[in-house]
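Before any comments, here is the structure.
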Amino acid sequence: MWRRADDDLWVATVDGEYGGMVTRLPDGFHVHDRYSRPIGVASSFAAATRLQAPSRSGAARSHRARPHHVRARLGATTGPVFAGPSHQREKTA
């Protein structure tokens, strides 16, 4: 189900969970999946929703059930992605 969240933002929900989004920018409708990864750019909202097509297939459910482990980099933080580079450390005496 697609819901308009703002003038240029639509959000998809699938089974009550975040399913992806579409944002309207000057060059087209940018489509992102449920992990907010870019999928593509479409010329219309209808074409963008066809690119996204959120669904919970059996494969998607089984993937969701498995834990996803990510290795942390040395010096990495658990803060938001937009916080800037976390791989640089200050030198101390």
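What to note about this one:
- Any pair with Cβ under 6 angstrom, 6 or more apart, that starts in the range 1-29 at a residue that is in contact (Cβ under 8 Å) with a residue 40 or more places away in the chain and closer than 16 Å to residue 47 by Cα and ends at one that is among the aromatic types (Phe, Trp, Tyr) and in a strand (DSSP E or B): 2/10; 12/2
- Among the residues of this structure, residue 56 does not count as one that is under 18 Å from the mean Cα position of the chain (by Cα), surrounded by 10 or more Cβ atoms within 10 Å (Cβ to Cβ), modelled with pLDDT of 65 or more and in a loop (DSSP other than H, G, I, E, B).
- The range 1-39: number of residues that are closer than 11 Å to residue 53 by Cα and of a type in the set (D, E, K, R): 2
- Subset of the range 35-50 (residues that are in a helix (DSSP H, G or I) and farther than 17 Å from residue 13 by Cβ): 46, 47, 50
- Among residues of the range 14-43 being loosely packed, with under 11 Cβ neighbours inside 10 Å and of a type in the set (Gly, Ala, Ser), the one that is nearest to residue 2 (Cα to Cα) is 16.
- Residues being surrounded by 17 or more Cβ atoms within 10 Å (Cβ to Cβ) and in contact with a Lys or Arg (Cβ under 6 Å, 6 or more places away or on another chain) - total across the range 1-10: 1
The values are calculated or read from the model by the stated rules, or taken from the named source; none is laboratory data. Bear in mind the structure is a predicted one, so any value in this text is a computation, not a measurement. Here Cβ is always computed from backbone atoms with ideal geometry, including for glycine, and neighbour counts include all displayed protein chains.
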